[in-house]
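So the structure is just underneath, and the comments pick up after that.
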């Protein structure tokens, strides 16, 4: 089992949509996947479920079907977290599960974390507090994978440096940074990079001091995914290309802590896992049809030039899914169940 966590400090780059499409791509290839929504905005959950479903879950007493209920005992005073049952995602109009299971997000996670205080029995020891949260998240992830017979877990996080995000990173095997080639993402890398290196050091120290906590992950930096921005402003092409040229250097310097070397083009950077278009013409149709962009059909409105865009989108996500699996050491499925009709 591999746990891959996605983190970016700049909201709006399309991280949740990226994870949503990767889950579908892996499922269509015959793989069992668990999607984890740790973002208090619950964007990933909104992509998978109808609003009416989410509303009923979030209004239920104790929110038993979401991660809020799973983590509440720990945040309330050090109790054992239970973890919600993973929600089996089905294709539109079909009663059969796809191979995607979802640990539902909850807006209440932000409030819960904000009110968290170290339990008295821990003596306000930050390391003990962190180790328990790491163990809790790893346990929830592992349980969901066992229930779903999954070998891959994709974790969505909010764009902030919270205690939950830190624990999720410490419990993960690989980290991927989605970004856009713009000033905001570059500044986000400069803020995120030193923090990631600090957290990795904390994980090594935690594993050394607390060998009884087997939950600490390797937290390997798998690389970044470049997502073409859309609609933020009307930057000219020259400005867009300028930021693209800076991405490899910024990633190496800010995230890896390497000194400047020979310039590397984004297309040739080994740390770049994928360079995806935005496919802005497809996303509204995909949200209306409640299916990935690369599965849109003529009945969904994908006609004319949109058909070519759907095909290109499929190729892009197929290549990205394969690249991530290769870099993260995820076994390839024995047989593929991929279909796009």
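Summary of computed values
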item: Positions within the range 269-287 being part of a helix (DSSP H, G or I) and modelled with pLDDT under 90, in sequence order; result: 283, 284, 287
item: Selection from the range 289-298 of residues that are within 19 Å of residue 25 (Cα to Cα) and outside any loop (DSSP other than H, G, I, E, B); result: 289, 293, 294, 295
item: Residue in the range 198-214 that is within 24 Å of residue 184 (Cα to Cα), modelled with pLDDT of 70 or more and either touching a strand residue (DSSP E or B) at 6+ places or on another chain (Cβ under 7 Å) or loosely packed, with under 15 Cβ neighbours inside 10 Å (or both) present; result: yes
item: Only listed residue being outside any helix (DSSP H, G or I), out of contact with any strand residue (DSSP E or B) (no Cβ under 8 Å at 6 or more places or on another chain) and buried (at least 19 other Cβ atoms within 10 Å of the Cβ), chosen from 158, 217, 223; result: 158
item: Number of positions in the range 169-193 that are over 22 Å from residue 274 (Cβ atoms) and buried (at least 21 other Cβ atoms within 10 Å of the Cβ); result: 2
item: Residue within the range 130-141 that is touching a strand residue (DSSP E or B) at 6+ places or on another chain (Cβ under 6 Å), surrounded by 21 or more Cβ atoms within 10 Å (Cβ to Cβ) and either outside any helix (DSSP H, G or I) or touching a residue at least 12 places away in the same chain (Cβ under 8 Å) (or both) present; result: yes
item: Pick from the range 299-332, criterion assigned to a loop (DSSP other than H, G, I, E, B) and touching a helix residue (DSSP H, G or I) at 6+ places or on another chain (Cβ under 9 Å), ranking: surrounded by the most Cβ atoms within 10 Å (Cβ to Cβ); result: 302
item: Test result for residue 7, closer than 21 Å to residue 287 by Cα, touching a residue at least 40 places away in the same chain (Cβ under 8 Å), crowded, with 21+ Cβ neighbours inside 10 Å and in contact with a helix residue (DSSP H, G or I) (Cβ under 8 Å, 6 or more places away or on another chain); result: no
item: Looking only at the range 112-129, and only at residues there that are in a loop (DSSP other than H, G, I, E, B) and within 21 Å of residue 207 (Cα to Cα), the one that is modelled with the lowest pLDDT; result: 118
item: Residue 256, sole failed condition from (1) crowded, with 17+ Cβ neighbours inside 10 Å; (2) modelled with pLDDT of 85 or more; result: (1)
item: Residues of the range 226-253 that turn out to be assigned to a helix (DSSP H, G or I), under 29 Å from residue 326 (Cβ atoms) and modelled with pLDDT under 75, as a count; result: 1
item: Residue check for residue 153: buried (at least 22 other Cβ atoms within 10 Å of the Cβ), out of contact with any helix residue (DSSP H, G or I) (no Cβ under 6 Å at 6 or more places or on another chain), in contact (Cβ under 8 Å) with a residue 12 or more places away in the chain and not in a helix (DSSP H, G or I); result: no
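Okay, residues lined up against (1) touching a residue at least 60 places away in the same chain (Cβ under 8 Å); (2) under 23 Å from the mean Cα position of the chain (by Cα); (3) closer than 30 Å to residue 190 by Cβ:
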site: 247; (1), (2), (3): yes, yes, yes
site: 262; (1), (2), (3): no, no, yes
site: 271; (1), (2), (3): no, yes, yes
site: 278; (1), (2), (3): yes, yes, yes
site: 281; (1), (2), (3): no, no, no
site: 289; (1), (2), (3): yes, yes, no
site: 327; (1), (2), (3): yes, yes, yes
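The values are calculated or read from the model by the stated rules, or taken from the named source; none is laboratory data. Since we're looking at a predicted model, the values are computed, not measured. No Cβ is skipped: glycine too gets one built from the backbone with ideal geometry, and neighbour counts run over all protein chains shown.
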